[in-house]
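A short reminder: the numbers here are calculations on the coordinates, not readings from a lab. Note that the coordinates shown come from a computational prediction; the quantities given were computed from them, not determined experimentally. Glycine gets a Cβ as well: all are built from the backbone with ideal geometry, and neighbour counts include every protein chain shown.
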Amino acid sequence: MSFQKGSFLKVFTVIFLFIMTANAQSESPNVPKDWQTLAEQTDYRKSWNYADTIAFAQKLDKASDKIVYQSFGKSGEGRDLSLLIVSDGKIFTPAEAKKSGKAVILIQAGIHSGEIDGKDAGFALLRDIAITKTRAALLKDCVLLFVPIYNVDGHELATPFNRINQNGPDEMGWRGTSANLNLNRDYMKADAPETRAFLKLWNSWKPDFFFDLHVTDGADFQYNITYEYAHFQEVSPFIKNWMDEYFDGRIVAEVEKEGNLLTHYLEFGGREVTSGIYTFIATPRFATGYIALRNRPGLLIETHSLKPYKSRVRGTYDVLWKTLEEINRSKASLFEANRKADEETVNRGKTFDANRQFPLQIGLTDKSEDFKLKAVEYKLEDSAISGGKKIVYGTKPTEITVKKFDDAKVNVSVAPPLFYIVPPQWQAAIERLEAHGVKFERIEKPLTVEVESYRLTEPKWATNSFENRLPLSFKAVAITETRTFPANSVLVPLAQETANVAIHLLEPSSPDSLVYWGFFNAVFEQKEYFSDFVMEKIAAEMIAKDAGLKKEFEERLKDETFAKNARARLNFFYQHSPYSDKRIGVYPVGRITKKIDLAK
């Protein structure tokens, strides 16, 4: 087979990049053996268990005045959630960090503890900063918060068989906690103690940038690292624009210079890679979806599970240090983007505008663009096992043009009010507001006020449990009425930095609202009922007095099912009587759109 010179160089370049991403991207030079991670000591076959992870974290604390080890909470089984604070100048508290003017960076590893690349990458980076000092310059304008294992209980459920699609290490932890909760679906409902500890950590430190470190499954391809960040209407344009310019525009190229191959997160529409790529839009239950509500850049890293563990760990290492390097250079622009996003949120809450819409549900459109996917050769064969087609990947790199769907539209939106008001008896909902750091005050006296709210109709609960709950679907019909809220009701102003979180918690149509997660299920429950012999008499009186009601009843009788159901016929009159509970399905949270005098 003969090649023209240009074709040969192109093929050689593709193969060279493929070989580089199949091996180590970079090395940490001159590391003493007693400071090597277990992954480094075993040629990336093994990773520390929880006890040894904590021991190394404490060893770093004792050896360096730049690192402090803390616990920021307890897991469901009572294990410490470990946090390493890394700074130059002994800046180890939120107040000191704010006073210093440095950027606070939160690096979270092991939320899915089988996907543990970030733990070994993060420890190697901290060691290179504080012990070998080859990366010491990264602390010039940054304070680092490193969580080596977020899902610590799931981490200790490690076996060689937890992740069938993953290439190392030898043993991997479990995706969920030992209570089988997926922490990366819990950011809004905050059921897990780990989530509530995370929220407390976030509210204390208010980080300027967030890393969420994962490993992805799926089709085989050349990239060893995929990544994503919020870039549609779910995030402030100031945050999106910063990530577009600095991460996509600068950092990606620098990480690739270290021998990695990167692209945005790849989610395929079907089994074949030619079926199209669909951008994943994280709702607030996910880490990066939640961080978008907090007006901060959140970077999702998904190394590729089929790549060797060494390639994945070193690739994660390269993303971390190259991003930190850029933040040190561009701290002022990052601060400006965060500040503008916060100001935009606060200012929006100062006035009510019925035409100003806040996005609740966002979906992809059918608009696509051609994308040159750096894939590997594959073929489809008949399967004697499944009876269908099986996909068989080769090793030869190839390039395939596929459709990429990366355009979104707002499907459901709402005009934010000036305040929400929550009656005090809905304590679980109020506790979630507190956990998220949403500011509110309790009214001292009953308050009669006109509110907007919703009547929630046609409720349907999921038939299977999802994250230990039965999610609810319904139709929301807007209503306006005057209500009296008792003393100690919670008044939530939206002129605050956490307003985006409050909106998503308290607007029923949000994909992660408290209604969706079942915090208000009792509003759908009927508590009083009628006896047939009593209702017979009342119904006869009602139909005799109200010709319109009689006509409506006769229309309903045209429905054969209704006509044959004696109880349904009596219930028709009960629902039209003053005895029925008119509060069933009425959302108890009110939306206040007119200014009120809080002093009164």
query: Between I164 and K475, how many nm apart are label points set 7 Å from Cα along the C-beta direction?
result: 4.2
Extension gain (nm, one decimal) between K200 and Q36, 0.36 nm per residue minus Cα-Cα: 55.8 nm
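Taking the Cβ of R432 as the centre, find all other residues whose Cβ is under 12 Å away and add up their charges (Lys, Arg: +1; Asp, Glu: -1).
-3
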- prompt: In deg cm²/dmol and to the nearest 500, what is the mean residue ellipticity at 222 nm of the chain if only DSSP H runs of at least 4 residues count, each as -39500 (n - 2.57), divided by the residue total?
  reply: -9500 deg cm²/dmol
message: Residue by residue through segment 567-573, what is 3J(HN,Hα) from phi via Karplus (6.51 cos²θ - 1.76 cosθ + 1.60, θ = phi - 60°)? Round to whole Hz and write x for glycine and proline.
response: 5, 5, 5, 5, 5, 4, 6
task: Quick one: which residues, 5 or more positions from H264 or on another chain, have an amide H under 5 Å from its amide H? H modelled 1.01 Å from N in the peptide plane, none for Pro or chain starts.
output: Y227
query: How large is ³J(HN,Hα) for each residue in segment 182-192, as worked out from phi by the Karplus curve 6.51 cos²θ - 1.76 cosθ + 1.60 (θ = phi - 60°), to whole Hz, x for Gly and Pro?
result: 8, 4, 8, 10, 10, 5, 8, 6, 6, 7, 7
message: Using the Cα centre of segment 32-347 as origin and beta-carbon charges of +1 (Lys, Arg) and -1 (Asp, Glu), tell me which of F221, N151, I105 is placed farthest towards the positive end of the dipole.
response: I105
Tilt relative to the chain, helix 331-348 - C-alpha long axis, 0 to 90 degrees, to 10: 0
task: Quick one: pull the percentage of alpha-carbon pairs in segment 334-442 with a separation above 22 Å.
output: 67
message: Considering only C-alpha atoms, what is the centroid distance from segment 337-389 to segment 429-486, in Å?
response: 27
field: Alpha-carbon Rg/Rh ratio, for the chain, with Rh computed the Kirkwood way
entry: 1.04
message: What do you get for the angle between helix 5-21 and the principal long axis of the chain? Use alpha-carbon atoms, 0 to 90 degrees, nearest ten.
response: 70
- line: Net charge near T283 (other residues with Cβ under 9 Å of its Cβ; Lys, Arg +1; Asp, Glu -1) is -1
message: What would the Debye equation give as log₁₀ I(q)/I(0) for segment 305-360 at q = 0.13, 0.23, 0.25 Å⁻¹, counting only Cα atoms as equal point scatterers?
response: -0.63, -0.90, -0.97
message: Just the number: Rg to Rh for segment 532-576, Cα atoms, Kirkwood Rh, two decimals.
response: 0.94
- request: Take every Cα-Cα distance within segment 358-410, group them into 5 Å bins from 0 onward, and report for each bin the whole-number percent of pairs it holds.
  value: 4, 16, 13, 13, 13, 15, 12, 8, 4, 1, 0
field: Surface/4 of the Cα convex hull for segment 32-347, nm²
entry: 15.2
field: For segment 224-301, the Rg and Dmax computed from alpha carbons only, in angstrom
entry: 13.4, 37
- request: Note down the net charge around K379, summing +1 for each Lys or Arg and -1 for each Asp or Glu among other residues with Cβ under 15 Å from its Cβ.
  value: -1
- prompt: Quick one: helix 193-205 against the long Cα principal axis of the chain, what's the angle to the nearest 10°, folded into 0 to 90?
  reply: 70
task: Name the residues whose placed amide hydrogens come within less than 5 Å of the amide hydrogen of I107, ignoring near sequence neighbours (fewer than 5 apart) on the same chain.
output: L145, F146, V147, F211
query: Dividing the convex hull volume of the Cα atoms of segment 186-253 by its residue count, what figure in Å³ per residue is obtained?
result: 144
